[in-house]
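What follows is calculated from the coordinates using simple rules that are stated; it is not laboratory data. If you're wondering where the values come from, they're calculated on a predicted model, not measured in any experiment. Because the Cβ atoms are built from the backbone with ideal geometry, glycine has one as well, and the counts that use them run over all protein chains shown.
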Amino acid sequence: MIKINNSIFIIRGDTRYFTIKLINPLTPTTEYVPQTGDVVTFTVKRNTDVSDIIFQKNFTDRELKIEPTDTKYLPYGSYVYDVQITFANGDINTVIPPSLFSVTGEVSF
């Protein structure tokens, strides 16, 4: 996986781990560490105009794992993703706005 700014390029069917840097919405110069009851959500869709979710991952820390089954059957191409945090009190903040999620070709499949 290659990450350039917020764009992610991943080879279809690969396992990838990455750390999501969460910025504190109250003090934008500091990093936010999820608290008990917070949920961070990574969502991939075809584009921002559709409601169908291709895959979604919820996690409670800053570590995201993309499993081989998440992309194994996806057609090569461009998708969009975002990351939002739902705080324990119900507030929601998008910490990575809609960004490119590109599934690239593979040789060994």
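Key figures for this structure:
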| read-out | value |
| --- | --- |
| Count - residues of the stretch 61-79 that are over 19 Å from ASP14 (Cβ atoms) and either of a type in the set (Lys, Arg) or in contact with a strand residue (DSSP E or B) (Cβ under 6 Å, 6 or more places away or on another chain) (or both) | 1 |
| Positions within the stretch 80-105 being under 12 Å from PHE9 (Cα atoms) and of a type in the set (Asp, Glu), in sequence order | none |
| Enumeration of residues in the stretch 7-27 that are under 20 Å from THR60 (Cα atoms) and not charged (D, E, K, R) | THR15, TYR17, PHE18, THR19, ILE20, LEU22, ILE23, ASN24, PRO25, LEU26 |
| Failed criterion for ASN6 (all others in (1) loosely packed, with under 15 Cβ neighbours inside 10 Å; (2) farther than 20 Å from SER102 by Cα hold) | (2) |
